[in-house]
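Undergrad: First the structure, then my questions, so here it is.
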Amino acid sequence: MKMKIRKGDRVRVMRGDEADKNKVGEVIRVLPKENRVVVQGVNLVKKHQKQQQTGGGKTIPSGIREFEAPIHASNVMVVDREGEREARATRRASRAKTEEPVKPAAKRAAGKKEAEATAEPKAKKAAEAKKPATKKAAKADEGAGE
């Protein structure tokens, strides 16, 4: 199934640990095969790690790592950036405003007005191109015509 949440979206945690409920954070990573997302500052877990030797002679030190674990995508809801409230209602409202029904006659009239508006500047530019730019150029043109 296609994920509706993308990296960089602001989301609110709706279900889960009491400490994480109603927290708002940015999606750091999306795992579409598992239908999970990683949200910044939410579902922090600690992992005790042994010292490890990796290829190339580098070593990873031992210690307690704290990181964000993935949570299921159904437990989060996309929110607006400015209001920190549910984005579903605002998206519907903005879509309804942009999808106002336009009558075919009104479309044609609007198209004619746009065509006229673009034609006027072109006509002005053509007239200006025929006129000499300076008085010296105008005198030179008069002298050349005789």
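Undergrad: Gly16: net charge of surrounding residues, Cβ under 14 Å, Lys/Arg +1, Asp/Glu -1, itself excluded?
TA: On the way: positive: Arg12, Arg15, Lys21, Lys23, Arg36; negative: Asp17, Glu18, Asp20, Glu68.
So the surrounding residues net to +1.
Undergrad: Place a point 7 Å from Cα of Met3 in the direction of its Cβ. Which residues in segment 23-39 have their backbone N less than 11 Å from it?
TA: 27-39
Undergrad: Also, I was wondering about something else. Net charge near Pro70: determine it from the other residues with C-beta under 12 Å of the C-beta of Pro70, scoring Lys and Arg +1 and Asp and Glu -1. Write out the running numbers ahead of the final one.
TA: Details: positive: Arg29, Lys33, Arg36; negative: Glu34, Glu68.
The answer is +1.
Undergrad: Please work out the Kirkwood hydrodynamic radius for segment 1-58, using every pair of different C-alpha atoms, and report it in angstroms with one decimal place.
TA: Working: mean 1/r = 0.0733 Å⁻¹.
For segment 1-58, the Kirkwood estimate is 13.6 Å.
The numbers here are math on the coordinates, done by the rules we state, and not lab data. As the structure is a computational prediction, the values presented were derived from the model and not from experiment. Virtual Cβ from ideal backbone geometry, glycine too; neighbours counted across all protein chains shown.
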